[in-house]
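The values are calculated or read from the model by the stated rules, or taken from the named source; none is laboratory data. Just so you know, these numbers come straight off a predicted model, no measurement behind them. Glycine also receives a Cβ, built like all others from the backbone with ideal geometry; neighbour counts cover every protein chain displayed.
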Amino acid sequence: MKTKPTNRPLETEVFRVTSIYRNSRRYGFLNGMPIYVDEDSKNVKAKDATYRVSVGINFDKLPVEPSVGQHWKVTGVKDIKNVDVGDYNILEHTYSNAVLECSMPMTSEAFVAFIATQKDFKGIGEKKAKALWFRFQHGLYELLEDDNEYNRKQLADELTENAINSLYAGYEKYANLKSANWMSKHNIPFDVQQRLFKYHGNKTMDAIKNDPYRLMTFGLSFDAADELAKDKFFVLPADERRLVAAVETSLQKEVGKGHTCIDMKTLRKRLNEVLDDVQLVDLALKTGADKTRFTFNSEINTYHPTGQLMMEAVVAMRFASLAKHDDFDDEAMNKAFWEAKSELSYDLTSKQCEAVMTALNNGVACITGGAGTGKTTVLRTALKSFYLLGYTIHGMALSGRAAMRMRESIGFDTKTIAAFLRGKVVSGEKQLLVIDEASMVDLPLMYQIITHITPEVRILLVGDPNQLPPIGAGRILADAIASGIIANTTLDIVKRQEGLSGIPEYSSLINQGIVPPELSVGAITFHEICNRNEIVETCRVLFEESPDNSRVMAPTKKLVERVNEEIQLAINKGGEPIKFGFEEWHTQVRQGDQVLFTKNDYNHDVQNGLLGVLISTEKIELTTENGLEEYMGVIKVDGGRSVFVDIDIIDQVKLGYAMSLHRGQGSQFPRVIIALDKARNLDRAWFYTAVTRAEAEVHIVGRKDVLEQAITNPPHTSLRNTYLPSLIRKYRDQVNSGQGDEGCIGSVV
């Protein structure tokens, strides 16, 4: 209990960190011993052993990652309370919403303690630390500011080469401490600081002073950068830097909606929302053009953000160049096709034969179609033909689950696109890149893929353009088809499946905007429920019938969360929670829960939408290349491998009984339960994609009028503004006229 509230004026204390407590990924406490520098001995001493300092912190807003042994100065409103520490009762000075600064130790004793207790400085003990301070004193920090041959030579008198490497590596995060403290005072998040330091190094403050809006590039919002610019650097409303930043943020708002180009009316509207001044809007458009933040296309009155236009140009040029090669037809190709076809136990339709031949005969091609139209059969036959022709096949899909399913269906090795991009650049003749579920691939990802392969590598896109568009900007598969240049075969005849699930026929009607005459048919059951609470309850009951085979799809984040909570409460209420130390971690997931990852994290080799089961919440210690690492649990993901849960990844793990459709797209499940509720994103494409996630059984839960509106509402993807189809056509004309890549890229609009 609080025993003695202090006066409200701000107070300052300096302390050495003795422990760090986290109660979530972001929040926690720094605890430490109050210290001061003795004027006579110049040593750091404990100020008072009868109390400790405890500061509530947001880890994202600290200038450096905290660790035991560091010295911090806290300024804020102090409260005092009694706390039990072991068998003792001591006073605790607590601070919340305080300003914190980290400082390097400035005395021999402090420096030795700092080096010896920091795991960053591997292999440097007290003896070596004392020798360093004795020789260099404060000048040591100047040596560490610049890792060069001369400075290393001086350090070599006291340390081995490995110890010198360790010293520089450990000091790296403290090298910009002064700048980091300043940025933390001004609420610039830690992750933004780290990106700034990585790019600008010791020139970071100069970069911010020259253009405070540069912070936006590293993750700060326009409003936050604008406030800092006006308050600390006295930037005026019409300052060129501010206007350019306003253009950038307005363009990116539209890019965030999936557009790669923006019409004049929309951009002016967005700019006025940011600047709230018509004259400044006019000036911003002129300034943005002068600074090449965008290109204006006078023919169609659209603005093209420079980054998106460049990526579309690169993708379009590659597609146009590959599309020129449409004459691979020869005796060897025909022989390979007939041999591959002869291995099938059934005949291909004429349309399926056409699709295989189109893929074989073109440098870039598409195979498209809905559920049950035979895409898998066509792809398997086409790839066997390519294999017989001596091609190396690089199969890939966006999600791990889709890549695994692709491997099972085509019989060739596959990987996620992320794994492909981490590998070596693909080059040489007779290389084929195959992208399954290509409707999920956005412009930035396709740009990365194109720049990871050389121009002669052939491309085959496979997917369903009527499914949901990608999360990011662009719609590569739909745009490739819309160009009229890229060879495409659409498989549109639904072949009845064994078991008569009715899913292909049902989804085909949805795709045409037709409400099925029978809402419950075959393996599809419509449960008419009007109340939202009852929708959640019905989804729970249906899930409990077959928990290992089911997934719930819902159109809103709120509905996903509610269904997840209800299902967990029903089937895994007693699961052991994840703990950090002795405290329960503030997360929903418990041992035995189905979970999913919500972000890409290449350090842990997980992708957004990856599914798994939390099989253990026991503390685990493993020796890695970084030393002894502590983990909070283990998740077994699709494919059977284990992902060890640490503090860096835990907040990316959510319950996975129910999920948004974008996270489920690319995956299929034996049994899908669709929670229908009114939402802005609920349209034909959403509902069609949800139904086609099911392999055998579908349950639709909701109101009949909501279902009918979902089917009759045109897909939102048709409202995306993109320039790729026009660019492909333009570049194909230029390629045919004999212009090379350079000439084409030089004339984008």
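Once segment 559-586 is narrowed to residues that are part of a loop (DSSP other than H, G, I, E, B) and surrounded by fewer than 20 Cβ atoms within 10 Å (Cβ to Cβ), the residue that is modelled with the lowest pLDDT is 582. Checked against the criterion of being under 30 Å from residue 450 (Cβ atoms) and either surrounded by fewer than 19 Cβ atoms within 10 Å (Cβ to Cβ) or at pLDDT 90 or above (or both), segment 272-287 has no qualifying residue.
Residue-wise test of (1) among the basic types (Lys, Arg); (2) buried (at least 20 other Cβ atoms within 10 Å of the Cβ); (3) closer than 23 Å to residue 560 by Cα.
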residue: 457; (1), (2), (3): no, yes, no
residue: 472; (1), (2), (3): no, no, yes
residue: 503; (1), (2), (3): no, yes, no
residue: 518; (1), (2), (3): no, no, no
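Across segment 403-431, the qualifying residues are those that are of a type in the set (Lys, Arg) and in contact with a strand residue (DSSP E or B) (Cβ under 6 Å, 6 or more places away or on another chain), and the one among them that is surrounded by the most Cβ atoms within 10 Å (Cβ to Cβ) is 415. Among the residues of segment 226-237, those that are of a type in the set (D, E, K, R) and either within 12 Å of residue 187 (Cβ to Cβ) or not in a helix (DSSP H, G or I) (or both) comprise 227, 231, 232. Against the conditions (1) more than 25 Å from residue 594 (Cβ to Cβ); (2) touching a helix residue (DSSP H, G or I) at 6+ places or on another chain (Cβ under 9 Å); (3) in a helix (DSSP H, G or I), residue 535 satisfies every one except (1).
Cβ separations smaller than 9 Å between residues 6+ apart or across chains give the following pairs from segment 512-523 residues that are hydrophobic (A, V, I, L, M, F, W, C) to residues that are part of a loop (DSSP other than H, G, I, E, B): 521/502; 523/499; 523/500; 523/501; 523/502. Every condition in (1) in contact with a helix residue (DSSP H, G or I) (Cβ under 8 Å, 6 or more places away or on another chain); (2) among the hydroxyl-bearing types (Ser, Thr, Tyr); (3) outside any helix (DSSP H, G or I) is met by residue 346 except one, and the failing one is (1).
Among the residues making up segment 318-343, a single one is in a helix (DSSP H, G or I), within 30 Å of residue 723 (Cβ to Cβ) and charged (D, E, K, R): 318. Can you find, within segment 699-721, the residue that is farthest from residue 669 (Cα to Cα) among those that are outside any helix (DSSP H, G or I) and out of contact with any strand residue (DSSP E or B) (no Cβ under 6 Å at 6 or more places or on another chain)? Looking at residues that are outside any helix (DSSP H, G or I) and out of contact with any strand residue (DSSP E or B) (no Cβ under 6 Å at 6 or more places or on another chain), I get 721. Residue check: residue 367 meets all listed conditions (1) within 24 Å of residue 319 (Cα to Cα); (2) part of a loop (DSSP other than H, G, I, E, B); (3) of a type outside the set (Phe, Trp, Tyr) but one, namely (2). When restricted to residues that are without any contact (Cβ under 8 Å) to a residue 24 or more places away in the chain and in contact with a strand residue (DSSP E or B) (Cβ under 7 Å, 6 or more places away or on another chain), segment 545-573 contains 1.
Looking across segment 541-558, just one residue is buried (at least 23 other Cβ atoms within 10 Å of the Cβ) and in a helix (DSSP H, G or I), and that is 543. Out of segment 277-317, which residues are in a helix (DSSP H, G or I) and basic (Lys, Arg)? Hit for segment 277-317 is 286, nothing else. Summed over segment 707-736, the residues that are surrounded by fewer than 18 Cβ atoms within 10 Å (Cβ to Cβ), modelled with pLDDT of 90 or more and over 30 Å from residue 263 (Cα atoms) give a count of 1.
Any chance you could count how many residues in segment 513-561 are polar (S, T, N, Q) and within 24 Å of residue 716 (Cα to Cα)? The number of residues fulfilling the criteria is 1. For the subset of segment 171-225 comprising residues that are hydroxyl-bearing (Ser, Thr, Tyr) and part of a helix (DSSP H, G or I), which member is surrounded by the most Cβ atoms within 10 Å (Cβ to Cβ)? In this case the residue turns out to be 213. Screening the candidates 307, 258 for the property of being surrounded by 15 or more Cβ atoms within 10 Å (Cβ to Cβ), small (Gly, Ala, Ser) and in contact (Cβ under 8 Å) with a residue 12 or more places away in the chain yields one hit, 258.
For beta carbons closer than 6 Å, sequence separation of 6+ or different chains, a first residue in segment 464-493 that is at positive phi and a second that is of a type outside the set (Lys, Arg), the qualifying pairs are 474/260; 474/442; 474/443; 474/722. Out of 260, 287, one residue alone is under 23 Å from residue 716 (Cα atoms) and not hydrophobic (A, V, I, L, M, F, W, C). It is 260. Before we move on, is residue 360 part of a helix (DSSP H, G or I) and in contact with a strand residue (DSSP E or B) (Cβ under 6 Å, 6 or more places away or on another chain)? No.
Within segment 208-264, the set of residues being of a type in the set (Val, Ile, Thr) and either in the same structural domain as residue 61 (by TED's automatic domain parsing) or closer than 19 Å to residue 306 by Cβ (or both) comprises 217, 244, 247, 249, 255, 260, 262.
Residues are listed down the side, and each one gets a yes or a no for (1) in contact with a Pro (Cβ under 9 Å, 6 or more places away or on another chain); (2) on the phi < 0 side of the Ramachandran plot:
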{"residue": "576", "(1), (2)": "no, yes"}
{"residue": "591", "(1), (2)": "yes, yes"}
{"residue": "606", "(1), (2)": "no, yes"}
{"residue": "631", "(1), (2)": "no, yes"}
{"residue": "639", "(1), (2)": "no, no"}
{"residue": "645", "(1), (2)": "no, yes"}
{"residue": "658", "(1), (2)": "no, yes"}
{"residue": "667", "(1), (2)": "no, yes"}
